[in-house]
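Engineer: Here it is: the structure, laid out below.
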Amino acid sequence: MITLWELGGQNGRRYSLFSWRTRMALSHKGLKFDTEPVCMSDKAAIAFSNGKTVPILTDGEATVRDSWKIAEHLEDRYPKTPTLFGGAIGRGLSHAFNTWVDRVVVPAMLPVIVADIHERVDPRDDAFFRQMMEGTVKNTLEQRRAERNDALKRLGRALEPMQAALKRQPYVCGAEPAYAHYALFSVFQWARVMSPQEVLGPEDPLCAWRERVLDLFGGFARNVPTA
């Protein structure tokens, strides 16, 4: 039995962008899994993992933390299912792209949606989330909302390489989706689940790309509670 431990928000939302990478990887592999929602502030609930963050995957006797390590675990443990990386070189490139998303796209998206996320976290996480995120974004949540238009412009500049790439190919990885693709998608699913702000214009190649991803695996990512 595979179980994914992930952040739970209001009205059944699953809002960790990192757990969405794992959700998509599990779906790509065709693996069935259960989920266990936890509060961001409830470290006791995940103490069994010897860590303080989710996602956490329990797979039989194995307990794996961190979305990238989970992806590697799934690739190695289930080699006969569809590949996430396409070989050793693809694994290295996927890791490099994953790092770019984490260092460039995630910090650009956070100021755009952080106040909206706060309104939709589990009420038990309200104070914890505010304190942590105001330290991260170096301002109040209210001020970040007031500056959203400037943040959207910065996000657009950060995404220019992907806008150019997706004019030429349907997926980040080319003709077919793979793990690097889910790393980028997770940021937009994070926004879709937790913010009513539309971050992509209809003319943006990323908008059509996001729709293609939402249709994968029978609409798995589309058919979830959103903002």
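Engineer: Quick check: residue separation of residue 32 and residue 197 times 0.36 nm, minus the Cα distance between them. What number comes out in nm?
Structural biologist: 56.2 nm
Engineer: Could you tell me the ratio Rg/Rh of the chain? Both radii from Cα atoms, Rh via Kirkwood. Present the calculation step by step, with values, prior to reporting the outcome.
Structural biologist: Working: Rg = 17.1 Å, Rh = 18.0 Å.
Rounded to two decimals, Rg over Rh is 0.95.
Engineer: Which percent, to the nearest 5, of DSSP beta bridges fully inside the chain are antiparallel?
Structural biologist: On the way: 11 of 16 bridges.
Antiparallel bridges make up about 70 percent of those DSSP assigns within the chain.
Engineer: So, in the chain, how many Lys pairs have Cα atoms under 30 Å apart, if the pair is 8 or more places apart or on different chains?
Structural biologist: Pairs that pass both the separation and distance tests number 18.
Engineer: For the chain, what is the calculated [θ] at 222 nm in deg cm²/dmol (nearest 500), taking -39500 (n - 2.57) for each run of four or more DSSP H residues and dividing by its residue count?
Structural biologist: Numbers: 11 runs with 115 residues, N = 227.
Mean residue ellipticity, 222 nm, calculated: -15000 deg cm²/dmol.
Engineer: Treating only the Cβ atoms of Lys and Arg (+1) and Asp and Glu (-1) as charged, compute the dipole magnitude of the chain about its Cα centre; round to the nearest 20 debye.
Structural biologist: Roughly 300 debye, rounded to the nearest 20.
Engineer: Something else: Using every alpha carbon pair in segment 99-176, what percent of pairs falls into each 5 Å bin from 0 up to the bin containing the largest distance?
Structural biologist: 3, 15, 20, 19, 16, 11, 8, 6, 2
Engineer: Can you give the longest stretch of the chain with no exposed loop site, where a site means GluC sites (Glu not before Pro) in a DSSP loop (not H, G, I, E or B) with at most 12 other C-beta atoms within 10 Å? Intermediate values should be presented prior to the final figure.
Structural biologist: On the way: sites that count: 61, 198, 203.
So the longest stretch without any such site is 62-197.
Engineer: Within segment 21-126, which trypsin sites (Lys or Arg not before Pro) sit in a loop by DSSP and count at most 14 neighbouring Cβ atoms inside 10 Å?
Structural biologist: In loop regions of segment 21-126 (DSSP not H, G, I, E or B), the sparsely surrounded trypsin sites (Lys or Arg not before Pro) are 32, 52, 80.
Engineer: Let me ask something else about it. Could you tell me which residue out of 84, 224, 113 lies farthest along the dipole of the chain toward its positive end? Charges go on the beta carbon: Lys and Arg +1, Asp and Glu -1, centred on the Cα centre.
Structural biologist: Result: 84.
Engineer: Mind checking the dipole of segment 85-212: about its Cα centre, +1 per Lys or Arg Cβ, -1 per Asp or Glu Cβ, Debye to the nearest 20?
Structural biologist: 340
Engineer: Let me ask something else. For segment 9-124, what is Rg from Cα atoms divided by 2.2 N^0.38 Å, rounded to two decimals?
Structural biologist: Segment 9-124 yields a ratio of 1.14.
Engineer: Rounded, prolate or oblate: which one fits segment 138-227, using the alpha carbon gyration tensor with axes a ≥ b ≥ c (rounded when a/c is under 1.5, else prolate when a/b beats b/c, else oblate)?
Structural biologist: Since a/c reaches 1.5 but b/c is at least a/b, the shape of segment 138-227 is classed as oblate.
Engineer: Relative contact order (percent) for segment 68-196, with alpha-carbon contacts under 8 angstrom and 6 or more residues of separation? Let's see the in-between values first.
Structural biologist: Details: 86 pairs, mean separation 44.3, N = 129.
About 34 percent, as a whole number.
Engineer: With an 8 Å Cα cut-off and a minimum separation of 6 or more residues, compute the relative contact order for the chain in percent.
Structural biologist: Normalised by residue count, the contact order of the chain is 24 percent.
Engineer: Something else about it: Dividing the alpha-carbon radius of gyration of segment 88-131 by 2.2 N^0.38 Å (N being the number of residues), what value is obtained?
Structural biologist: That works out to 1.64 for segment 88-131.
Engineer: If I take every Cα pair under 8 Å that is 6 or more residues apart in segment 161-211, average their sequence separation and divide by the length, what percent do I get for the relative contact order? Intermediate results must be reported in sequence, preceding the final value.
Structural biologist: On the way: 31 pairs, mean separation 20.1, N = 51.
Over segment 161-211, the number comes to 39 percent.
Engineer: Counting only residues 5 or more places away or on other chains, whose amide H sits under 5 Å from the amide H of residue 173 once H atoms are built in the peptide plane?
Structural biologist: Close amide H contacts, sequence-distant or interchain: 178, 181.
Engineer: Next up: Can you find, among 8, 18, 30, the residue sitting farthest towards the positive end of the charge dipole of segment 4-45, where Lys and Arg contribute +1 and Asp and Glu -1 at Cβ?
Structural biologist: Most positive-ward Cα: 30.
Engineer: Just the C-alpha atoms of segment 1-70: what Rg/Rh do they give, with Rh taken as the Kirkwood radius?
Structural biologist: 0.93
Coordinate-derived values only; no laboratory data. Source: prediction; values computed, not measured. All Cβ positions, glycine included, derive from the backbone under ideal geometry; neighbour counts span all protein chains shown.
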